[in-house]
Each structure stands twice: as C-alpha cells, then as structure tokens.
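The values are calculated or read from the model by the stated rules, or taken from the named source; none is laboratory data. What you see is a predicted model; the values in this text were computed from it and never measured. Here the Cβ is made from the backbone with ideal geometry for all residues, glycine too, and neighbour counts use every protein chain on show. Only protein heavy atoms, including side chains, enter the accessible area calculation; ligands, DNA and RNA are left aside. Shrake-Rupley method; radii C 1.70, N 1.55, O 1.52, S 1.80 Å.
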There are 2 protein chains.
Amino acid sequence: MPAPVIRESEVDVLIIGAGPAGLMAANALARAGTNVRIIDKRPAMVAAGQADGISPRTIESYGIGERLLREACQVHMAAFYNPNMTGGIERTGRAPDVTAPTARYPFEVALHQGGIEAIFLDSMHLLGTDVERPVIPTSIELSTDEAELTDSAAHPIRVTLRHLDPLDGKAETEIVCAKFVLGADGAHSWVRKMFDITMDGEQTEFIWGVLDMIPETNFPDIRNKSLVHSNNGSCLVVPREKDKIRIYMQLSDKDVLDPSTGRVDKDRMGPEQLLQVAQKSLHPYKLAPVDEIDWWTLYIIGQRVASRFSVKERVFIAGDACHTHSPKAGQGMNASMNDAHNLVWKLTQVLRGWADMSLLKTYESERRKYAQDLIAFDKDFSTLFSGKPQTHENEDGVTHEEFLRAFQTYGGFTSGIGVHYSNSAIVNNAHQSYASNLIIGERVPPRVFVRAADAWPYELQDLLPSDSRFKVIVFTGNYNDTAQRGNVDALAKELEKPERFLKVYVPGGKESMFDIITISQGKKEEVDYLEFPDVLRPHWSKVLIDDTDVTGNIGGQGYSYYGVGPEGALVVVRPDGYVGMVAPLQKVNDIDTYFASFLRPSL
Amino acid sequence: MPAPVIRESEVDVLIIGAGPAGLMAANALARAGTNVRIIDKRPAMVAAGQADGISPRTIESYGIGERLLREACQVHMAAFYNPNMTGGIERTGRAPDVTAPTARYPFEVALHQGGIEAIFLDSMHLLGTDVERPVIPTSIELSTDEAELTDSAAHPIRVTLRHLDPLDGKAETEIVCAKFVLGADGAHSWVRKMFDITMDGEQTEFIWGVLDMIPETNFPDIRNKSLVHSNNGSCLVVPREKDKIRIYMQLSDKDVLDPSTGRVDKDRMGPEQLLQVAQKSLHPYKLAPVDEIDWWTLYIIGQRVASRFSVKERVFIAGDACHTHSPKAGQGMNASMNDAHNLVWKLTQVLRGWADMSLLKTYESERRKYAQDLIAFDKDFSTLFSGKPQTHENEDGVTHEEFLRAFQTYGGFTSGIGVHYSNSAIVNNAHQSYASNLIIGERVPPRVFVRAADAWPYELQDLLPSDSRFKVIVFTGNYNDTAQRGNVDALAKELEKPERFLKVYVPGGKESMFDIITISQGKKEEVDYLEFPDVLRPHWSKVLIDDTDVTGNIGGQGYSYYGVGPEGALVVVRPDGYVGMVAPLQKVNDIDTYFASFLRPSL
Ligand SMILES: Cc1cc2nc3c(=O)[nH]c(=O)nc-3n(C[C@H](O)[C@H](O)[C@H](O)COP(=O)(O)OP(=O)(O)OC[C@H]3O[C@@H](n4cnc5c(N)ncnc54)[C@H](O)[C@@H]3O)c2cc1C
Ligand SMILES: Cc1cc2nc3c(=O)[nH]c(=O)nc-3n(C[C@H](O)[C@H](O)[C@H](O)COP(=O)(O)OP(=O)(O)OC[C@H]3O[C@@H](n4cnc5c(N)ncnc54)[C@H](O)[C@@H]3O)c2cc1C
C-alpha cells in the first residue's frame, strides 16, 4: 500500500498537552474566536485523582467559579495536629484555611483534576473545539528567518503530528504550520526538551504518596484540611467532593525505591502500605476506607524552574512544563492555569492585530518570576512541614506557633491573591497615589457597587471578565458637585479627541477593544445615569455608583476601600484583571503613552 | 377506514394545562418520581410576553432561583411619578421595590413567561417528562363510588383525550384513568367548567394593554419599576431581561370595545395606539421602540376566586383556573406556581402511601384563603393606582405619601414572604414561644449557619429543599453545657424509641421520610460533630452551629434571630418550607401527635 499523502494545514495556535494549563488556554482561545487546536497523547481525559486544589484567586477569575462552587468541596477551616504525650497526636488548634483578607471567596475548593478539566472541555465543546487524542508531536521546527519571526501573520513553526489511533482511511501523520505553539505537556515536557530548555534548581526528587477514599473514621477534623505533625510521619488531610477525602504523605526513598535499580517499586508501596502509613500518622484515631481506595499515586517531583518560558515568543511552555514543586501547598493546577491565563489574552491581542509581538515578552518576565517565588516558598514551607515537631525529646523542633505563623504569612501566596507583577510595558507604577489600594500589578480586589440606572448591586470583578479587552474604570468623584462635574466633562471631551487611545486604536466603535466603566460617588435615589457624558456610558449598564443597595446591606464605601479620593481617578485594568496603571483625570495622555508602548494603531 | 382501537391507560396524575401552574406541578411530580402526564392544547410553548414578574418568595423556593438569577432582570428600585405643573409628569421619589425585611432576595425578577416555563420544561425533560401537545380533554368523569374515592390506589377519574395533531398511525383519541387530575388550564378553565365550579366575585372585567420593547428614551427611570400617575393616564414600567422593558396601561372600554358588538376591536387598539397611550402618559419624556414592538396584548381580566379548588380531593384546579386579578402587582405567575407548590408535596406523600387522603383537604383551605386575600389586595391597590392623583385641581386625589405607604404595607403580600397558613392538621400553633420568630404557618426565613464538620457556611433554606420530606430541626442549645447536654441526650433517647414518629413511619431508615438537621450553639473552633448522638447526625453534614464563618463576616446570631433560647427547640418544617410546628425538646410526643393526624403508620 502506498503511504497516504501527508496532509498539511495551518493553525493560529497549536497546544500540546491537555492538562489544566493546556485546557485553560484552549478554552480561552476558543472563546476569543481564535483558530486553535489542542492535542494530547492520552486516549482519554483523567478520570480521577491527580491535582485537586483550587485557590481563591483561581475561583475569582476565568469564569469557572460558578460551576466550581456547584461541584467542588469548599475548604474553610484548617486544623493542626501535633504529637501528644502518649505517642499519638492531638489537636493544637484550628484556624481559617485561607489568610487573604481581600479574597472574594475566602476558602479553597477541592475537586479531582478530571472534574476541573471537564469544566473546560464542556465549555470548549460548545464552541466546537475538542481535544484531539491520542496524538503526539514527532518533530517541531522553528523558522530562523527574522522577517518571518517578526511578522505576526506568519506561520513560522512546523510540527509533525502522529495520530496514534487514526480513523479508517485517515493519515497517521500530518503537518501543522502554526503561528504559535504552546507546550503544556507536563513535567516531562517534550516541547521543553526539543528546544533544550534546562530546568534550574536542585536535582533532589521528593516522593509523595497520595490516597483518595471515602473514610470510616473517628478523626474529628476529617472534613477540615488537617496538617498533621506526628512522630510517626507527617501527613496532610484534604476534604473532597461528596464524602471523599485525600491524604498526602511524604515518603522516604527507602520505603519506595528498589535499592538495586533505584526505581520506584510498587510492590513495596501500594495502596495497602500507603494506608498503613496514614494510619500510623493519625494514631490514635482510626481510619479505613468505607469501600475501596478510590485512587492512589506515588508522585515524584523536584523543585525546579525552566530557564526560559519561550523561544522567540513563538513557542511557549506553561504549567508543569516550566515549574515543578511539591503538591503540599496545592499550587500545581493553580500555577498552571494562571500561566495560561497570563499568556492567552496577550496571544489574542497579537492575533487580532491589536498588540505588537513585543507584548508577548511579558509572559516570561511575569510568570517566571512568579515560578521562582513559588519554588522558594515551597522549599521554606516543605522544610517546616517535614521538620520534626517540637516535643520534650526534641526541643529544637518546629513549634505550632512558628508553623501557624508561616501558614498565615504565606496565605497571600497560596491563595493566589498576593501575586504581584513588576513594572513593565503593561505595568506602569506612575500614579499609584490616586488609587492607593488598587495596587498596580495586582488583581482588582472585589467590591460591590450599584448600577445607577437600576440600583442593581454588582460585584466589580464580574464587570472585569477575561474577555481579552482592557477596561478603563473612570472614577468620576461626585458628578453632582459642580466643580468636579467640570473636571469630568473636560475628561469626556479629551477622550473624544482623535489623538486619544479610544480613537487611535478603535476608530470603528468605542466598545470593541476597550470597555469603559464609570463609577460615580452619589446616592442611588438621586443619580440619573442619563446625565453622564456619552463617552462615559457606552451602554446604560456601564454607570455605577458607590452606594449601598436598597437594603443598605451591601455595597458602599468603595472609593475609600480602593483609596480613591473625591478628585477621582482613571484606572486601567488588564484583560486578566490586574491593575495596569492609574492616572488622575487630567492625564489621559499618560494612558495614551501606556497603550502606545504595546498596541498597534489601527490603519 | 375503521376507527382505530382506542387505547386506555392508567396514570397517577394527569395535568391539564402547561402554563406556570401545570409545569411547576409536572416538574415537581416528575422529580419526586411520580407517574405523571401533562397535556396542553397549544402546539408550542409561549414564545414571548404574558406574565413576567417573579416575587422574592418564588425565587427562594423550588430550586429555580439559580437559573432565574442568571437569566432574568432584577428589579431593585421603584420610582414614583406624578403630574407636574406643566401638564407632564415628574419624579416624586424612589424607594426599594420590595419591602420585605426577611427576604433572601430583596428584589423581584422579570423574565418573559416562556423563559420561566423553559426552566421547568428543561428540568422535566431530563427526567423523561415532556408536555404532550396539542392535546385537549373532551370528557371527564369522576366515579361516585365512595370506596373507590377513598382508596388512594384507585383510579377513579376517566378522561378522554383528543390528540389534535396525531402521529401517523396513532389513534386520535385515548382514555386515561387517573388517580388525580389537576386542572391548570388557565382563566377559562375547562376542568372548572366541567365540574360546575363557580367563580365568585364582581363580574366587571378590566382591560389592560401591555407592550414589550427595547426603548429609545430619555425617561430616567426606564430601568426601574416606575409607577406613573399622570393626568394623561397611569402606567407601570417594568424593566426586563436584556435591554427590554414592559409597559402596562389600564384601558377603558370605549378605547377598546366595538360598541356595536361589545367585543374587543383590535383595529381600535393595536400596538401603535398602545404606544401612543404610553407616550401620552410619560409626557414630557420621549419613548419609542428601537426596532419594533417585541410583544403586545390586550388582557381582559376580572377579580374572582373559584368557590371550590377541588372535587372530592381527586380533581384539583390551580392557578388562573381558580383566581384571576389584575397583572399590576405581578402576582399571576407567582400565585399559580405557589398553588402547585402547595399541592404537589401533599399529592406525593399520598401517592407514596406516606400520608392519608385527608392531607389533601388542606390544599383548598390554604390556597383559597390566600386567593381571597389576593383579590382583596388587588382591589385596594387597583383603586389607589387607577385613582386620580392629588393635584391643585383635584385636592381629594391620592397623595404620593398614601400611595407609597400602601405600596410598602402590601410589600409582605406582593413579595410572597408574608403568606401565612392558618391552623390545620399541618399547622399547629401550640408552642410558638420556643421559637418566637419562626412563625408557625409562615416560611422559614433565611439565615446562615456553619457546618460543624468543616465550617462551611450554609444558608438554612438550602437545607430545606422542596423534596417532599418533612424536616425536623433540632436546636440543641449549647451541647458543651453539661446540663443542656443531658437534655439533648434524653431527647436523642426518646427519638430512638419504637413508638416515636421516626420509628413508626420509617422503620427502614431514618433518612427516607424525615430529614434531621441539628443546630447547636457553640464555636466552630471547638465543636466536634462526632460528639453528637447518632440520631442527630444521620450524616456528618447534618450538624450546624450558630457561629460566623471563618472570616467573621457571615452567619451567627441565628438563635436570637429565630427567637430560640438556650433551652433549644424542635421545629418541624413542611416539605414546602413552611413551619408546621414547634415544641420544646421534652415534647417529642407532641410531634408524634402532629404527624399521627395525617401520616399513615407503615405496615
Ligand atoms: C500521576 C500524577 C499525580 C499527581 N498527583 C498530584 C497530586 O496529588 N497533587 C497535586 O497537587 N498535583 C499532582 N500532580 C501534578 C498536577 O497534576 C499538575 O501540577 C497539574 O496537572 C499541572 O498541569 P499541566 O497542565 O501543566 O500538566 P499536566 O496536568 O501534567 O498535563 C500535561 C498533559 O500533556 C500531555 N502530554 C505530555 N506529553 C505529551 C506529548 N509528548 N504529546 C502530547 N501530549 C502530551 C499529558 O498526557 C497531559 O495530559 C500529579 C501529576 C501526575 C502526573
Ligand atoms: C394573552 C395573555 C396575556 C397575559 N398577560 C399578562 C401580563 O401581561 N402580566 C401578567 O402578570 N399576567 C399576564 N397574563 C396572565 C398570566 O399569564 C397568568 O396569570 C399565569 O400564566 C397563570 O398561570 P397558569 O398556569 O395558571 O395559567 P396559564 O398560563 O394561562 O396556562 C394555562 C395553560 O393551559 C392550557 N389550556 C387551557 N385550556 C386547555 C384545555 N382545554 N386543554 C388543554 N390545555 C388547555 C393553555 O394553553 C395554557 O398553556 C396573561 C395571560 C394571557 C393568556
């Protein structure tokens, strides 16, 4: 039989790997109407187990919160156990699981990785995008032609794909020419290896044992996240959806490895042995699965960060492909999805011809710094966690107070709320004082405002969706104050000028590329939305007031919460919900300059 | 051709009419696993228009809230307009649209009737129940055999159905023998007529004009509910989903009727004329549809209540079939769905063999009283609304203050929150003082408690779903207090005795027919759910504590809010969320007596 003709096609973005990072990216790109394909070598999605922790910031963003809140288990409380005098453990105390005062959802949620992936898969499917599987790439070539590399319309990457289970009559091999490739192919990333990207960090690997089950137990904190320090080995209990729980145990090489080969020996450490390890750690409490063990794994991981996250801003890696660390702080899935979240709006803006290719450089600068912080945190926290607890015999051990303090200090980090991007083309620190609590480089904290037209209370975060558009929030001050009204009217006039960003980039319609949101001081009984200048209310729903709802129970005090004074402020919010810049109402030209540094004027 | 053989079949419940009342019933019965069929004479569901207002209580109950909150428009604010000196109108003030301090959702929502019906249709469809249409009943016969009528397993009703559009080869006519029939067939109910049920009340009919559109306007309260009193005719503006609005106008006979025939003449009053009526009323504000009129109707209705709501507790009528009134207070759909909600749990309990047929008598006693109150309210409110406003020329007119006071006084009624069922087999007023704010005969007001096992804050109403089961809330007081623990342990012992309701009616399993919810005083950092007696925690999720969540922002003070003291209380909540009775912990026998009056001991 003659070899079938090899099909060759073009695509804007090819994603390799359909874990949390790849799926997050594929779904967001599909929603943005981008031409995207995603492949995975596994014949089917993850059915159970793997990562399961979702942090508060991840619930806030990306529009997946609604379904997460319906399906996942919420973790509000942490419990701390330490050795007691009789060789077992006892509770030292309970504390909030999340320490992040501005979190909209002040808790973590837990759901098995397949449940999380399904949220993306279902959403993509409705848009006609599905994962192609089982498919692997067998070669990848990036053009070296500078002209091609800098032309955002070119397809400088050539990838050969092999369909491992091709449909009858379909070719096994195809060639895809892509504008961009995302390697979201996990800790052993093929893409990373093809471009010789090294992983920096210690080479030590840690071995984790993980058990998922419905427990029969008299352990009183089985539905809380329990951090158990025990002289019989530490463990971490995480409650899960339905009646399930998960237990993490850090194992030592000798328990797991076959000394003759140095490889994991599943006869030494299978589910029964793992259960025994957990039982020892929880003594004197009883623990046994109601039925059988739901899922288990031995999970071997180092603490490392890739030296580069991109090759010429054409090939990117994200997720476990560029950083690996212990599962303890529950960051695996979150960091991976956040990488993708950071990248996709930039790709979308470039693909639409809105932004310059240079915007893509900020992906590596923002996310690699974050990954390094993550590893540093993971090391500190792991040491505390694995360290011997303080006891009579071991006076130098870790005290409960030390541990609790670390747990809470790191709250901003583990919750994802504290992520801070440094100065760059898209993070401009100039006028912070005009909105002193809308920290430039951090996400906009949640706050309720009421709509002027109908007094409907809205969470501002819900008006800042990840839809690839920049939002410009105009804090007008009190528009019913005559002097301030003059300032606002002057601003409106400025915004309408042809040289201003609203006109330079979107001559067609002001709603396409930027979203204007107006927030006025005033009372819902008095403000009339129709009085605001046209440019500040592209739609009646866009004017908010800093007042309570009709019951007086929610909303209000937003100006002072955000640190905005009666003189008002302009706040640019990036498509991913981070504050990009702040300016006084009189400095529209500073905003012009900000956008000019990475947007392309429309022709 | 020979007439096809007529098929004869049996069904538990046959519902005639698939408007809000019929669909609410069909969906609830299908969810309860009941054998139900529903027919409608219309070939397709309502596409636009008709009723659109959903009151706060309706959002709270039935599990439809989530989708309503996603799809519908929220109405928070009401605006009041009155004549000004120059022949037009001006705003007198704004006020909350809903005056019902305990409402969980302190607003109304608006969505066209088809959108509401779709919620039920989609839910039923997943359970395999769809509306059969176009189908009409052509005869109905109720057995007169007393033995058959009192045997809940008998099928004493014989209905002939005609399929107006039969499938090829299928018979046009069939005979259905039903245990129960529900006539939810609207204001001109065929079922009502077949059983000669009269409609009591004045025979006058009122004519309403209704317009739905996306408006182009400078009326500043177009997104609020605006009650416009004008010398050029009163009207009511209701904001709707997307950018739509609705305007209601009460019309006079001479505008609408052809004097020679006395019938509605659509040439006199079509959409253009209705628009002119609205424009006159809103003068000096401008109003025009952006595109075309979305929907319009002339809606003719009297204020009447059916003399009976049931025939021998075998045939029932619900919704517009038993009460009609003006659309102004937005009660049409709400009252109809609430009728069905009241009936279906009773039918389900009888069909399952749990309750005696006598339980069904409470449908008429509860809902007919409500309907009479509704008509009385509608008359008062209509008079105020249609009355001339007070002006210089008309000093006896209705003042804004009078009108606002009425609007707020009736808030409990229009919100649905104030519905109160009187003493009956299922409403027992005996021990009100043990939970003085859980008013016996009213719905349980919302309140957040935290789960003992995991500190997850839960809205109590969400733990009282409409699932056909009675809930018994055990307020234990502080279980860590030694004396009180004695009382609670004694109660637990009582509850386990074979003569107690938990054992008499459900020897099989305590979770099947009653749901026990335990609410303790105490602190989430200290309470261990495992300490509570087994009977008070059929599942770990069933123990709550009256404390705030970990942030201190939600929950707490529930005992005092509900008027429960440290001595605790037993509260029986009906399957529809209404308080059925209250008792001190020591009076389990009073609860036995309550259930004994309408439940059937299991064999
Ligand atoms: C067995 C296992 C157990 C784990 N257990 C835990 C845990 O208990 N707790 C925790 O927090 N984290 C755990 N993790 C880590 C967690 O799953 C990751 O941090 C998270 O999923 C990272 O997401 P990602 O999308 O970057 O990578 P992954 O989820 O690893 O997804 C990578 C995807 O790429 C695909 N792929 C890889 N190579 C190729 C290729 N050449 N061609 C095509 N497709 C390819 C893979 O099939 C996979 O679907 C576990 C991971 C594994 C593999
Ligand atoms: C044209 C119209 C306009 C309306 N406009 C408004 C409004 O603007 N605002 C407002 O608040 N309310 C309005 N209403 C009233 C509102 O629709 C009702 O109060 C509400 O729908 C009551 O619900 P229901 O289920 O009791 O009755 P309906 O919604 O009337 O449902 C009755 C159902 O029974 C079916 N049916 C009737 N007879 C038979 C039969 N013999 N065999 C089979 N099926 C049958 C009908 O096709 C219908 O689907 C309007 C009603 C109508 C008919």
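Counting only DSSP beta bridges with both residues in the protein assembly as shown, what percent are antiparallel, rounded to the nearest 5?
Here the antiparallel bridges make up roughly 70 percent for the protein assembly as shown.
Summing Lys, Arg as +1 and Asp, Glu as -1, what charge do residues with Cβ under 13 Å from the Cβ of B:Val264 carry, B:Val264 excluded?
-2
Which distances in nm, rounded to one decimal and ordered from shortest, link the label point of A:Gly88 to the equivalent label points in the other identical copies, with labels set 7 Å from Cα toward Cβ?
Sorted ascending, the copy-to-copy spacings read 8.0 nm.
If we restrict to alpha carbons, what Rg and Dmax does the range A:197-253 come to, in Å?
For the range A:197-253, the Cα radius of gyration and maximum Cα-Cα distance read 14.6, 49 Å.
Let me know the mean shielding of B:454-463 by other chains, meaning the per-residue number of their Cβ atoms within 10 Å of its Cβ.
Mean number of neighbouring Cβ atoms from other chains: 4.
Which whole number gives the average, over all residues in B:202-213, of C-beta atoms from other chains lying within 10 Å of the residue C-beta?
Whole-number average of other-chain Cβ neighbours for B:202-213 is 0.
Can you give the convex hull volume per residue for the Cα atoms of the protein assembly as shown, as a whole number of Å³?
228 Å³
HN-Hα J couplings of the range B:24-29 from phi, Karplus 6.51/-1.76/1.60, θ = phi - 60°, integer Hz, Gly and Pro as x?
4, 5, 4, 5, 5, 5
If you keep only loop residues by DSSP, which trypsin sites (Lys or Arg not before Pro) in the range A:110-202 have at most 15 other Cβ atoms within 10 Å of their Cβ?
Loop-located and lightly packed - A:Lys170.
Calculate the FRET efficiency for B:Gln372 and A:Asp481 from the Cβ-Cβ distance with a Förster distance of 56 Å, rounded to the nearest 0.05.
FRET efficiency, B:Gln372 to A:Asp481: 0.60.
Please report, in debye to the nearest 20, how large the charge dipole of the range A:72-141 is about its Cα centre when each Lys and Arg carries +1 at its beta carbon and each Asp and Glu carries -1 there.
Rounded to the nearest 20 debye, it is 440 debye.
What does DSSP give for chain A in terms of the percent of beta bridges that are antiparallel, rounded to the nearest 5?
70 percent
Averaged across the residues of B:71-78, what count of C-beta atoms belonging to other chains lies within 10 Å of each residue's C-beta?
Taking all residues of B:71-78 together, the mean is 4.
Using only protein heavy atoms and a 1.4 angstrom probe, determine the accessible area buried between B and A, summed over both sides, in Å² to the nearest 100.
For chain B against chain A, roughly 3100 Å² becomes buried.
Name the lysines eligible as straight-distance cross-link partners of A:Lys388: C-alpha to C-alpha under 25 Å, and not fewer than 8 places from it in the same chain.
A:Lys225, A:Lys254, A:Lys280, A:Lys286, A:Lys328, A:Lys379
Of all the residues in chain A, which one has the C-beta that comes nearest the axis relating A to B, and what is the distance in Å?
A:Glu66, 4
Helix A:271-282: angle to the longest alpha-carbon principal axis of chain A, degrees 0 to 90, nearest 10?
80 degrees
Say each of B:Glu402 and B:Asp122 gets a label point 7 Å from the Cα, pointing the same way as Cα to Cβ; how far apart are those two points in nm?
4.6 nm
Compute the angle between helix B:400-409 and the longest alpha-carbon principal axis of chain B, please, reported from 0 to 90 degrees and rounded to the nearest 10.
Between helix and principal axis, roughly 30 degrees.
Over the range A:538-603, what number does the Rg to Rh ratio reach, with both radii from the alpha-carbon atoms and Rh per Kirkwood?
Reported Rg/Rh (Cα atoms, Kirkwood Rh): 1.06.
How many nm is it between the label spots at B:Glu66 and B:Asn553, if each spot is 7 Å from the Cα in line with the beta carbon?
According to this spin-label approximation, the distance is 2.2 nm.
Can you figure out the FRET efficiency of B:His283 with A:Arg268, using R₀ = 56 Å and their beta-carbon distance, to the nearest 0.05?
E(calc), rounded to 0.05, equals 0.05.
First compute the accessible area of the range B:432-596 with a 1.4 Å probe, then give the percent of it belonging to carbon and sulfur atoms.
Ligands and nucleic acids excluded, carbon and sulfur reach 48 percent.
So for each of B:533-544, B:346-357 I average, over its residues, the number of other beta carbons within 10 Å; can you give me the resulting order with the highest mean first?
Ranked from most to least packed, the peptides come out as B:346-357, B:533-544.
Give me the angle, in degrees from 0 to 90, between the Cα long axis of helix B:482-496 and the longest principal axis of the Cα atoms of chain B, rounded to the nearest 10.
It works out to around 80 degrees.
Ordering B:Met249, B:Met194 from largest to smallest accessible area (1.4 angstrom probe), what's the sequence?
Greatest to least solvent exposure: B:Met194, B:Met249.
Round to the nearest 0.05 the FRET efficiency obtained for B:Val506 and A:Lys193 when R0 = 45 Å and r is the Cβ-Cβ distance.
0.10
When you count, for each residue, the other Cβ atoms within 10 Å and take the mean per peptide, how do B:123-131, B:51-59, A:487-495 rank with the highest first?
Ranking the peptides B:123-131, B:51-59, A:487-495 by packing returns B:51-59, A:487-495, B:123-131.
Computed on alpha carbon atoms, what radius of gyration and Dmax characterise chain A, expressed in Å?
For chain A, the Cα radius of gyration and maximum Cα-Cα distance read 26.1, 84 Å.
Enumerate the calculated ³J(HN,Hα) couplings along the range B:104-114 in order (Karplus 6.51 cos²θ - 1.76 cosθ + 1.60, θ = phi - 60°), each rounded to whole Hz, writing x wherever the residue is Gly or Pro.
Listing the rounded values in order: 5, 10, x, 7, 9, 10, 10, 7, 5, 3, x Hz.
Put a dot 7 Å past each Cα toward the Cβ at B:Glu90 and B:Ser433; how far apart are the dots in nm?
According to this spin-label approximation, the distance is 5.6 nm.
Sorted from largest down, what three extents in whole angstroms do the Cα atoms of the range A:432-596 have along their principal axes?
Answer, in whole Å and largest first: 44, 32, 28 Å.
Among the aspartates and glutamates, which have Cα under 17 Å from the Cα of B:Lys503 when same-chain residues fewer than 8 positions away are ignored?
Cross-link targets: B:Glu494, B:Glu511, B:Asp515, B:Asp534, B:Asp590, B:Asp592.
Just for the Cα atoms in the range A:416-500, what are the lengths along the principal axes, largest first, rounded to whole Å?
Largest to smallest, the principal-axis extents are 41, 34, 26 Å.
Rg to Rh ratio, the range A:285-421, alpha-carbon atoms and Kirkwood radius?
Using Cα coordinates only, the ratio equals 1.10.
Any of B:Lys361/B:Lys542; B:Lys346/B:Lys369; B:Lys471/B:Lys497; A:Lys312/A:Lys346; B:Lys346/B:Lys471; B:Lys471/B:Lys493 with alpha carbons more than 25 Å apart? Name them for me.
B:Lys361/B:Lys542
Arrange the residues B:Asp462, A:Asp267, A:Asp97 by how much accessible surface each exposes, largest first, with a 1.4 angstrom probe.
Ranked list, largest accessible area first: A:Asp267, B:Asp462, A:Asp97.
Provide an ascending nm list, one decimal, of label-point separations from A:Glu525 to the equivalent residue in each further copy; define each label point as 7 Å from Cα along Cα→Cβ.
Nearest first, the other copies' label points are 4.2 nm away.
State the Cα centre-to-centre distance between the range B:57-111 and the range A:443-469 in whole Å.
Computed from Cα coordinates, the inter-centre distance equals 20 Å.
With a 1.4 Å probe and every protein chain left in place, work out the accessible area per residue of chain A in Å², rounded to a whole number.
Heavy-atom SASA per residue in chain A reads 39 Å².
What gaps in nm, shortest first, separate B:Lys170 from its twins in the other copies when you place the label 7 Å past Cα toward the beta carbon?
3.8
Note down the net charge around B:His112, summing +1 for each Lys or Arg and -1 for each Asp or Glu among other residues with Cβ under 11 Å from its Cβ.
So the environment of B:His112 carries a net charge of -2.
Only bridges whose two residues both fall in the range B:432-596 count here: according to DSSP, what percent of them are antiparallel, nearest 5?
Given both bridge residues lie in the range B:432-596, the antiparallel proportion sits at roughly 60 percent.
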